[in-house]
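Values in this text are rule-based calculations from the coordinates and carry no lab data. All values derive from a computational prediction rather than experimental measurement. Here Cβ is always computed from backbone atoms with ideal geometry, including for glycine, and neighbour counts include all displayed protein chains.
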């Protein structure tokens with residue numbers, strides 16, 4: 001099996017966004033876990049690294065070799081809030097409801 005290609009940021013699990021920010025995510029048991037948006041690719045890669053350690057990933061799936069234990073990784077990158085597909089779906093539903101409420105207010109004002 002061929003090794004996985006690195007993303008456009010140069011780090012595994014990190015993607016550059018058009019806004020200039022970097023988005024980190026990791027997959028676990030078929031579920032995509034969003035780790036958040038970061039100002040630099042390095043910060044996003046550290047968040048990926050911390051999540052990979054917590055998920056007991058092999059060292060070959062890590063971005064850095066300087067941390068030898070999960071505790072060292074936690075010192076370098078605090079635990080991120082995981083954003084699941086369910087969170088995204090709920091957020092879209094709330095946005096849709098808000099748009100409907102705004103449209104109703106506009107119609108009533110007319």
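Run the simple label-point estimate for residue 93 and residue 64 please: 7 Å along Cα→C-beta, distance reported in nm.
Inter-label distance under the simple model: 3.8 nm.
For labels at residue 19 and residue 42 in the simple 7 Å Cα→Cβ model, what's the distance in nm?
About 2.2 nm separates the two model spin labels.
Can you classify the stretch 15-66 as rounded, prolate or oblate using the Cα gyration tensor, where a ≥ b ≥ c are the square roots of its eigenvalues, rounded means a/c under 1.5, and otherwise it's prolate if a/b beats b/c and oblate if not? Numbers along the way, then the final one.
On the way: a/c = 2.62, a/b = 1.41, b/c = 1.85.
It is oblate, given that a/c is not under 1.5 and a/b is not larger than b/c.
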